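For reference, the structure discussed in these notes is given below.
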Amino acid sequence: MSSTRIHNFSISLDGFATGEPQSLEAPFGHAGERLHAWMFATPFCGGDGPAGIDDAFARRHDEGFGAEIMGANKFGPPGWQDDPDWTGWWGEDPPFHTPTFVLTHRPRPPVEMKGGTTFHFLTADPVEALEAARDAASGGDVRIGGGATVVRDFLHAGLVDEMHLVLVPIVLGRGVRLWDGIEALEDTYEIETVSSPSGVTHLSFTRKAVT
Ligand SMILES: NC(=O)c1ccc[n+]([C@@H]2O[C@H](COP(=O)([O-])OP(=O)(O)OC[C@H]3O[C@@H](n4cnc5c(N)ncnc54)[C@H](OP(=O)(O)O)[C@@H]3O)[C@@H](O)[C@H]2O)c1
């Protein structure tokens, strides 16, 4: 059975995965690039940081996936559904290289991009979306790519097997919080933490075996 995994999902100390307002000019609102500066510095992302802890975690983003599921607000800025030519932030060859399912209440026909990414747009609950992604993943794992709303919904539904969060030492104060309505994840997940010299803390959540 393929796993459902989350990687490199970055949150502030107060739990925000994005700032506000989200816009074409500022996809992460007032957070700017601060949530992902650790990742952009890694050799994996073409940065000039060391091939150390951050790099090792960042690379797992690309390992073993056959499909991705993301939310409408990760795919584009508010109002992208009104632009028939919008195909995401990532240019002609997006970094997913798999079928990629965009959850939206305003679906449109699939768009095939270069490099193996095809965007599929669907209105579906997490169970149905995961079923569609698994069918398309050819036995590979399914990545839940965010944003916070979608990650939270999949956690609520009990569908996440592994989650890698990155706690970034900034306080955003506003935006979209990951944790609202979530409690006692420690009951269902083994949680390990590793601090990086860069200042971020990596948290690995692994679903406990059912005994
Ligand atoms: N910190 C990180 O590592 C990280 C990672 C990825 C993204 N982000 C950021 O997070 C932000 C986006 O997060 P977000 O929480 O605002 O939104 P999101 O999770 O990307 O998307 C939520 C939206 O997706 C649609 N949707 C969700 N579930 C659905 C369902 N079951 N059926 C149909 N449509 C559904 C709805 O949009 P509609 O009703 O409009 O269709 C909903 O408002 C962006 O700023 C992005 O850049 C951060």
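The values are calculated or read from the model by the stated rules, or taken from the named source; none is laboratory data. Because the structure is a prediction, the values reported are computed rather than measured. Positions of Cβ are backbone-derived with ideal geometry, glycine not excepted, and every protein chain shown enters the neighbour counts.
Pairing residues of the stretch 1-29 that are at positive phi with residues that are within 12 Å of the ligand (Cβ to nearest atom) and of a type in the set (Gly, Ala, Ser), at Cβ distances under 9 Å and at least 6 apart in sequence or on separate chains, gives Asn8/Ala58; Gly15/Ala148; Gly29/Gly19; Gly29/Ser23; Gly29/Gly175. Scanning the stretch 152-183 for residues that are at pLDDT below 95 and within 11 Å of the ligand (Cβ to nearest atom) returns a single hit, Asp180. List pairs: first residue in the stretch 137-152 and without any contact (Cβ under 8 Å) to a residue 24 or more places away in the chain and hydrophobic (A, V, I, L, M, F, W, C), second residue in a strand (DSSP E or B) and within 16 Å of the ligand (Cβ to nearest atom) anywhere in the structure, Cβ distance under 6 angstrom, at least six positions apart or on different chains. Nothing qualifies. Scan the stretch 19-63 for residues that are touching a Lys or Arg at 6+ places or on another chain (Cβ under 8 Å) and closer than 20 Å to Phe119 by Cα and jot them down. Matches in the stretch 19-63: His61 only. Of all residues in the stretch 3-51, which are more than 11 Å from the ligand (Cβ to nearest atom) and in contact with a helix residue (DSSP H, G or I) (Cβ under 6 Å, 6 or more places away or on another chain)? Of everything in the stretch 3-51, those that are more than 11 Å from the ligand (Cβ to nearest atom) and in contact with a helix residue (DSSP H, G or I) (Cβ under 6 Å, 6 or more places away or on another chain) turn out to be Thr42, Pro43, Phe44, Cys45, Gly47, Ala51.
Of Gly140, Gly147, all but one fail to be on the phi < 0 side of the Ramachandran plot, among the small types (Gly, Ala, Ser), within 16 Å of the ligand (Cβ to nearest atom) and crowded, with 16+ Cβ neighbours inside 10 Å; the exception is Gly147. Pairing residues of the stretch 78-89 that are not charged (D, E, K, R) with residues that are not in a loop (DSSP other than H, G, I, E, B), at Cβ distances under 6 Å and at least 6 apart in sequence or on separate chains, gives Trp86/Trp80; Thr87/Val111; Gly88/Phe75. So is Thr149 of a type in the set (Val, Ile, Thr) and at pLDDT 95 or above or not? In short, yes. Please find, within the stretch 52-100, the residue that is farthest from the ligand (Cβ to nearest atom) out of those that are more than 21 Å from Val176 (Cα to Cα) and among the aromatic types (Phe, Trp, Tyr). Only one residue fits best here, namely Phe65. Take the conditions of a type outside the set (D, E, K, R), surrounded by fewer than 17 Cβ atoms within 10 Å (Cβ to Cβ), within 12 Å of the ligand (Cβ to nearest atom) and at negative phi and apply them to Ala209. Does it pass? When the stated conditions are applied, Ala209 does not pass them.
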